[in-house]
Structures are given as C-alpha cells and as structure tokens.
Amino acid sequence: MYILLYHRIRSKWGIEIPRTVKIGEGFYIGHSGGITISGAAKFGNNVNISQQVTVGVSGKGEKRGVPVIGDNVYIASGAKIFGKIKVGNNVKIGANAVVYKDIPDDAIVVLEPGFKIISIKGNRSVPE
C-alpha cells in the first residue's frame, strides 16, 4: 500500500518524501511540486517548505551525510540544502539559496543578489 501511495503522490504532486525521513510536528508544504527530500534527513517541529526544494545527501567519507533541520524553519522555493550540516532553530532560507554549511540559530540565509559575467569571449562576434 505504501509503495502505491508513494508513487501516486510523487507523480501527481511532485513530492518525494520517503517514509524513513524523521519529521517533527507541524511540518507544512506551502506549494507542491519538485520537492525532493533524502530518506535520511531529519526535520524539527514547525518546518515550512515551498516548491522546488531539495534536501539531500552530499560529501565523501566522514563528511558524507544529510542535513538536520531545526525547529521553526522556513525554506523558500528553489532552495537546495545538502550535506552533513545542521540548520539551526528559527532560520529563514531564501529562494534559490544553496546551503552546504552549518547555519546558526536565528539566521536568515539568502542567495547573493545579482550575477557575475565569467566570460564573453567566443560567445559572439565582436566588430573590429
């Protein structure tokens, strides 16, 4: 029965949360679609996530692992959280942020605004 329901939820709403995930009370998914969570992840109480969020495994050897998410955490759309890290309590993670290091309690994490041009050489012809 679990396998049937798991595949239905994954295909219909785009949510992949295995039953091995440890989830505290008050877990809330604001918008469905594109949510992927590792089966070894741990979530505290009152965690709120949006669409396109990934919480996954990363690293090699001793550093290989999955995130442990604290209580009262908000994870905005498109955020990627991975590796053997701890996200503290009362943390807000902004849209499209990539989190791969520990985050202390009461922090706000955002993607650095703007962009950087790495190279334009060879992308178009330049008049001489």
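Where a number appears in this text, it was derived from the coordinates with a stated rule and is not lab data. Note that the coordinates shown come from a computational prediction; the quantities given were computed from them, not determined experimentally. Positions of Cβ are generated from backbone atoms using ideal geometry, with glycine treated the same way; all protein chains shown enter the neighbour counts.
A count restricted to the stretch 16-39 and to residues that are loosely packed, with under 13 Cβ neighbours inside 10 Å and either under 12 Å from the mean Cα position of the chain (by Cα) or acidic (Asp, Glu) (or both) stands at 1.
Of the numbered criteria (1) at negative phi; (2) buried (at least 17 other Cβ atoms within 10 Å of the Cβ), the one GLN52 fails is (1).
In the set (1) touching a residue at least 12 places away in the same chain (Cβ under 8 Å); (2) not in a loop (DSSP other than H, G, I, E, B); (3) not β-branched (Val, Ile, Thr), ARG8 fails one condition alone, (1).
Pairs are defined by a Cβ separation below 6 Å, a sequence spacing of at least 6 or placement on different chains, a first member in the stretch 76-91 that is at positive phi, and a second member that is not acidic (Asp, Glu); the pairs so defined are GLY78/GLN52; GLY78/ALA95; GLY78/ASN96; GLY83/SER58; GLY83/GLY59; GLY83/TYR100; ASN90/ASN72. If you go through the stretch 40-53 and keep only what is under 14 Å from the mean Cα position of the chain (by Cα) and not hydrophobic (A, V, I, L, M, F, W, C), you end up with LYS42, ASN48, SER50, GLN51, GLN52.
Among the criteria (1) in contact with a strand residue (DSSP E or B) (Cβ under 8 Å, 6 or more places away or on another chain); (2) β-branched (Val, Ile, Thr); (3) assigned to a loop (DSSP other than H, G, I, E, B), the one THR20 does not fulfil is (1).
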